[in-house]
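The block underneath contains the structure these notes are about, expressed in structure tokens.
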Amino acid sequence: MTTLRRRSRLAALAAACTAVLLLSACAGSSDGPSGPGGSASASGSGVVDADRCAKNRDAGTVTYLTGYQYQASTTILEAVAAESMGFFDDVCLDVTLQPGSGDTAQGAQLTAAGRAQLSGVGSAAEAMLAVAGGADVVGVATFGHVPIATLMTEPSVTDLKQLDGTTLGHKGSLPAPLRAMLVSAGVDLGSITQVKVGYDPTVLVRGQVQSLTGYKSNEPLTLAAAGDQVTQWNPEDYGVTGSFGQLIANPAFAKAHPTAVQDFVRALLHAHEVCQTQLQQCVQAAAEKSGSGFDVTHNEQVFTTESKLVADSTPAGQPIGFVDPAALTAEGQVLVGSGELESVPDPASVFDDSYLRAVVGADGAVLWPAAGSTAAEASPSSS
């Protein structure tokens, strides 16, 4: 558990996005700033060769639905940066970004229906729940291999059993990893009054609730900025498995246009790398897409926090976004324990990281040529 301070949170989730998309052929050269490989041409680009470029153009418009608006969370900021810096153009993809509402179930449904070709959902658990609910989607990359959920209390709470008989605030339901953590700690869940609260985390420091669910990259940062000290209780400290930053795709689209999915993932991985050193530029691109009310400082902290969680939870030699069948099975068991799933699905039936594996090297690093290199030096074979 980690003691941190707090601060203000993002407002309530926006209304669900309902954009209907038109498919069109990819444009020839980039209209935006060119990335390291330059803009695409008839002979390919500095990142992909002509044959692969043509295949990606044949995919038409690729619509990506973000998890929640254009906040600087994993799988969202990378997509915004890839668009802004021309990385999608570099791999000959015509990508349209659509802001999600935060309703991951709806995002999965829109992806399954072909209204979006790819989308970001909160976690691998949510991908499993979507598939169990009938959505035909496939998980193609999992960025973070640790629960993003956290439970906050006042510093006076030094043992989770002290929460027996108290009030717990949540956003709609108690997240499965937090439930598993409380059970593991011996808390009497039946004695706790659970209430739905809004998105103002100060309900905790005002004493309206004695514990509050949140996200490691959000509410604790909000409270810390306001000078409020809280203690974070994290599921992984109690042996609970989880994830965040899950990327899903429409299986029919992925099968018909595998290089498009591969190179979309590749552009995101490259953007993830670039944003480590060019964070201000990446967040500014998100601010411009978001318009007024976008908190630049908070969003920089969001990405910095999540990036560290991604790095710390990715084993050496594995690529960022890799699929871990054992961890996915354990995450599914958490959902069974919370009653959200009847049984744990076979990870192979929900996840496929072959698209990711096609665009990373043996060391796990994304294949993206340095300036001046040719596409052949770093590009995977067109397949």
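Could you work out how far apart the two model spin labels at ALA256 and ALA54 are, taking each label as a point 7 Å from the Cα in the direction of the beta carbon, and quote it in nm?
The two pseudo-label positions are separated by 2.0 nm.
Ranked from highest to lowest mean number of other Cβ atoms within 10 Å per residue, what is the order of the peptides 348-356, 190-198, 64-72, 320-328?
On the way: 348-356: 18.2, 190-198: 12.1, 64-72: 25.0, 320-328: 20.4.
Taking the mean over residues of other Cβ atoms within 10 Å, the ranking is 64-72, 320-328, 348-356, 190-198.
When a/c is below 1.5 the answer is rounded, else prolate if a/b is larger than b/c, else oblate, so apply that to the range 284-377 with a ≥ b ≥ c taken from the square roots of the Cα gyration tensor eigenvalues. Don't skip to the end; give the middle numbers.
On the way: a/c = 2.37, a/b = 1.19, b/c = 1.99.
Verdict is oblate for the range 284-377.
Between VAL183 and GLN229, take the C-beta separation as r, use R0 = 30 Å, and let me know the FRET efficiency to the nearest 0.05. Each step should come with its number before you reach the end.
Working: r = 27 Å, r/R0 = 0.89.
My answer for the efficiency is 0.65.
For SER292 paired with SER156, estimate the spin-label separation in nm (one decimal), with each label point 7 Å from Cα along the Cα-to-Cβ line.
Taking the simple label geometry, SER292 and SER156 are separated by 4.1 nm.
When the chain is fully extended, how far beyond the present Cα-Cα distance does THR329 get from ALA132, taking 0.36 nm per residue of separation? Don't skip to the end; give the middle numbers.
Numbers: separation 197, 0.36 × 197 = 70.92 nm, distance 1.42 nm.
Once the chain is fully extended between THR329 and ALA132, it gains 69.5 nm.
Cut-off 12 Å, label point 7 angstrom out along Cα-to-Cβ of GLN280: give me the residues of the range 204-228 whose amide nitrogen falls inside.
Of the residues in the range 204-228, none has backbone N under 12 Å from the label point off GLN280.
Determine, from the Cβ-Cβ distance of THR61 and GLN318 and an R0 of 41 Å, the FRET efficiency 1/(1 + (r/R0)^6), rounded to the nearest 0.05. Each step should come with its number before you reach the end.
On the way: r = 32 Å, r/R0 = 0.78.
Once rounded, the FRET efficiency stands at 0.80.
If I take R0 = 45 Å and measure r between the Cβ atoms of ALA365 and SER191 in this structure, what FRET efficiency does the formula 1/(1 + (r/R0)^6) give, to the nearest 0.05? If you can, show how the numbers build up before the last one.
Working: r = 50 Å, r/R0 = 1.11.
Calculated value: 0.35.
Classify the range 227-292: rounded, prolate or oblate, from the alpha-carbon gyration tensor (a ≥ b ≥ c, eigenvalue square roots; a/c under 1.5 rounded; otherwise prolate if a/b is larger than b/c)?
Numbers: a/c = 2.48, a/b = 1.31, b/c = 1.90.
Judged from the Cα gyration tensor, the range 227-292 comes out oblate (a/c at least 1.5, b/c at or above a/b).
Compute the Cα gyration tensor for the range 193-344, then decide on rounded, prolate or oblate, letting a ≥ b ≥ c be the square roots of its eigenvalues: rounded whenever a/c is under 1.5, prolate when a/b is larger than b/c in the other cases, and oblate in all that remain. Don't jump to the answer; show the numbers that get you there.
Working: a/c = 1.91, a/b = 1.19, b/c = 1.61.
Judged from the Cα gyration tensor, the range 193-344 comes out oblate (a/c at least 1.5, b/c at or above a/b).
Lysines near LYS55 by alpha-carbon distance under 27 Å, same-chain residues fewer than 8 away left out - which ones?
By straight Cα distance, LYS55 reaches LYS255.
Which of the lysines could be linked to LYS196 by a straight reach, that is with a Cα gap under 26 Å, when you skip same-chain ones fewer than 8 residues away?
Cα-Cα hits under 26 Å: LYS161, LYS171, LYS216.
Residues with beta-carbon under 11 Å from that of ALA249, excluding ALA249: net charge, scoring Lys, Arg +1 and Asp, Glu -1?
Numbers: positive: LYS255; negative: ASP136, ASP352.
Once positives and negatives cancel, what remains is -1.
The numbers here are math on the coordinates, done by the rules we state, and not lab data. Bear in mind that the values here come from a model prediction, so they are computed numbers and not experimental data. So basically every Cβ, Gly included, is an ideal-geometry build from the backbone, and we count neighbours across all protein chains shown.
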